[in-house]
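Take a look at the structure set out below.
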Amino acid sequence: MNIHRTLLAIETSCDETSVSIVRAEFLDPPESGIPRRVQVLAHIVESQTSHLAFGGVVPEVAARDHLLKITPLTHTALRQANLSAQSLDAIAVTLGPGLIGALMVGTLFAQGLSFALNKPLIGVNHVDAHLAPALLLSQFNPDVDVGRWIDTQPIEYPALALTVSGGHCHLSYLKSATDRLLLGHTADDACGEAFDKVAKLLGLPYPGGPHLEKLALKKSTLHPLRHKFPATLADKNNRFGFSYSGLKTQVLETIRKGLGYPQGRISGASLSEDEKSEIAAAFQDAAIGQLLDRLHNALNEYSDARTVVIAGGVAANQKFRKKLLETCPLNARFAPLSLCSDNATMIALHSFLPNAGLPSPHPFSRYNYSK
Ligand code: KG4
Ligand code: ZN
């Protein structure tokens, strides 16, 4: 006999207010593994637009916006799923990392809901959760997949995992879905953050990653000597870590030079379109190059790895996907495009993963922290 669990998940760690309702089907007993199939009953992601005028996320504005939206979006999700709150089995919420005010709105709302409904509350690590869609699903298109049962497609372990987004850049070795060894992380800026900052320097709107990718597309061949930024790190002993601060400064200096060395704050918006797209393409190559360089170091060291898994906002970058597929000797699984950036469906999917090594009499009990 199969058993079903339905949970409502909430994600408010940055500038997306997201609520999802996901049902999972497990073999009985549930501790035997990951769900056999999942049904996303509601998938709501509202990206905040109030930050656009500031060119970046303003934490206080983000928290206030979450506060305005979280209750109506939860009602909308329940309506879409055609469920009463009482029929949920649990509530899942992002505990962190993220903006503290934004997280407080989500976690306090989820705690209130859990208390009022007398349902378990599952606290989820946001960086871990980014990987869940890639570990379970090969694709997910909200336009056609919401409401449908989707068979899960587990990857082969051990695996190497890259989580690359605006706030984090993590390289891990996975013995199983939840048994993770962190090999390296960024020493300063995350990769997506560098995309955003370079985009801003070039006069592009926030969030800059997708805009910069589009600008770089205009420059398919680069002059070999102009604007070549390094894709490796100066510290050769650092094989699995990341650093984007130096690359960002190099781009800044290049733009300053292109503008004739003005003092103070600068904007590359007035550079020629050709020059801007050349800088964007050279930056993108170096940023992606660093990710691939670190991944290949890990592939050499962890030769038993059978799969490579990529997730996070930057995993949406098409050039990164193409380069990785061209150079990766293993099967590579990217998070579905619709689940790369922050969303509550990944929080729900992560909550369904088994916690290797710990007995789990109930698929949710291992994460229960509130009762
Ligand atoms: O995972 P995410 O939504 O938020 C964090 O957890 O940080 O990632 C957002 C980041 C932003 O920095 C955004 O510019 C970047 O992902 N991003 C991209 C692309 N799409 C989103 N970076 C490069 N190329 C893209 N196509
Ligand atoms: Zn994220």
Task: Only Lys, Arg (+1) and Asp, Glu (-1) charged, at Cβ; the chain dipole about Cα centre in debye - done: 280 debye
- [ ] Sorted from largest down, give the three principal axis spans of the alpha carbons of segment 107-254, whole angstrom values.
- [x] 61, 37, 33
Open item on the list: Of 263, 232, 245, which is farthest towards the positive pole of segment 191-315's charge dipole, taken about the Cα centre with +1 and -1 on the beta-carbons of Lys, Arg and Asp, Glu respectively?
Closed with: 263
Task: Projected label distance in nm at residue 214 and residue 304, using a 7 Å step from Cα toward the beta-carbon - done: 4.6 nm
Open item on the list: In whole Hz and in residue order, list the ³J(HN,Hα) couplings for segment 260-269 that follow from phi through the Karplus curve 6.51 cos²θ - 1.76 cosθ + 1.60, θ = phi - 60°; x for Gly and Pro.
Closed with: x, 6, x, 8, x, 5, 10, 9, x, 4
Open item on the list: What does the net charge come to around residue 24 if you take all other residues with beta carbon closer than 11 Å to its beta carbon, with K and R at +1 and D and E at -1?
Closed with: +2
Open item on the list: In whole Hz and in residue order, list the ³J(HN,Hα) couplings for segment 116-122 that follow from phi through the Karplus curve 6.51 cos²θ - 1.76 cosθ + 1.60, θ = phi - 60°; x for Gly and Pro.
Closed with: 5, 8, 6, 10, x, 10, 10
Open item on the list: Going through the cross-link list 228/322; 175/319; 219/248; 69/322; 197/257; 200/228, which pairs have a Cα-Cα distance over 25 Å in this structure?
Closed with: 175/319; 69/322
TODO: Scan around residue 88 for amide H atoms under 5 Å from its own, H built in the peptide plane at 1.01 Å from N, and keep only partners 5 or more places away or cross-chain.
DONE: none
TODO: Treating only the Cβ atoms of Lys and Arg (+1) and Asp and Glu (-1) as charged, compute the dipole magnitude of segment 209-351 about its Cα centre; round to the nearest 20 debye.
DONE: 140 debye
TODO: Calculate the length of the line joining the C-alpha centroid of segment 158-218 to that of segment 71-116, in whole Å.
DONE: 27 Å
- [ ] With a Förster radius of 25 Å, plug the Cβ-Cβ distance of residue 125 and residue 156 into 1/(1 + (r/R0)^6) and report the FRET value to the nearest 0.05.
- [x] 0.60
- [ ] List the residues whose amide H sits under 5 Å from the amide H of residue 183, counting only those 5 or more places along or on another chain, with H placed 1.01 Å from N in the peptide plane.
- [x] 171, 172, 173
- [ ] Name the long-range amide H neighbours of residue 203: under 5 Å, sequence gap of 5 or more, or other chain; modelled H, no Pro or chain starts.
- [x] 268, 269
Task: Within-10-Å neighbourhood charge of residue 233 [Cβ basis; K, R +1; D, E -1] - done: +1
Task: Two-site label geometry, residue 75 and residue 323: point separation in nm, points 7 Å out along Cα→Cβ - done: 4.7 nm
Open item on the list: Connecting C-alpha atoms closer than 10 Å in a GNM of the chain, tell me which of 201, 83, 137 has the biggest fluctuation.
Closed with: 83
TODO: May I ask you to sort 127, 93, 146 by Cβ crowding, counting other Cβ atoms within 10 Å and putting the fewest first?
DONE: 146, 127, 93
TODO: Taking the Cβ of residue 215 as the centre, find all other residues whose Cβ is under 14 Å away and add up their charges (Lys, Arg: +1; Asp, Glu: -1).
DONE: -1
Open item on the list: Give me the extension gain from residue 297 to residue 259: residue separation times 0.36 nm, minus the current Cα-Cα distance, reported in nm with one decimal.
Closed with: 9.9 nm
Open item on the list: Over the Cα atoms, compute the radius of gyration (one decimal) and Dmax (the largest Cα-Cα distance, rounded to a whole number) for the chain, in Å.
Closed with: 21.2, 72
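For a protection proxy built on the mean count of beta-carbon atoms within 10 angstrom, sort 246-252, 231-237, 120-126, 151-157 highest first, please.
Working: 246-252: 18.0, 231-237: 11.0, 120-126: 21.4, 151-157: 15.3.
So the peptides 246-252, 231-237, 120-126, 151-157, ranked by packing, come out 120-126, 246-252, 151-157, 231-237.
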TODO: Could I have the simple spin-label model distance between residue 82 and residue 249, label points 7 Å from Cα toward Cβ, reported in nm to one decimal?
DONE: 5.9 nm
- [ ] Take 302, 173 and order them by how many other Cβ atoms sit within 10 Å, fewest up front.
- [x] 302, 173
- [ ] Select from 132, 42, 332 the residue whose mean-square fluctuation is largest in a Gaussian network model of the chain (Cα-Cα springs shorter than 10 Å).
- [x] 332
TODO: Compute the acute angle (0 to 90°) between the alpha-carbon long axis of helix 126-136 and the principal axis of greatest extent of the alpha-carbon atoms of the chain; round to the nearest 10°.
DONE: 80 degrees
Task: Point-charge dipole on Cβ atoms (K/R +1, D/E -1) for segment 228-271, about Cα centre, debye to 20 - done: 40 debye
Task: ³J(HN,Hα), Karplus 6.51/-1.76/1.60, whole Hz, each residue of segment 88-99, x for Gly, Pro - done: 6, 8, 6, 10, 10, 8, 5, 8, x, x, x, 6
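Values in this text are rule-based calculations from the coordinates and carry no lab data. Because the structure is predicted, anything quoted here is derived from the model rather than measured. Using ideal geometry, Cβ is built from the backbone for each residue, glycine included, and neighbour counts are taken over all protein chains shown.
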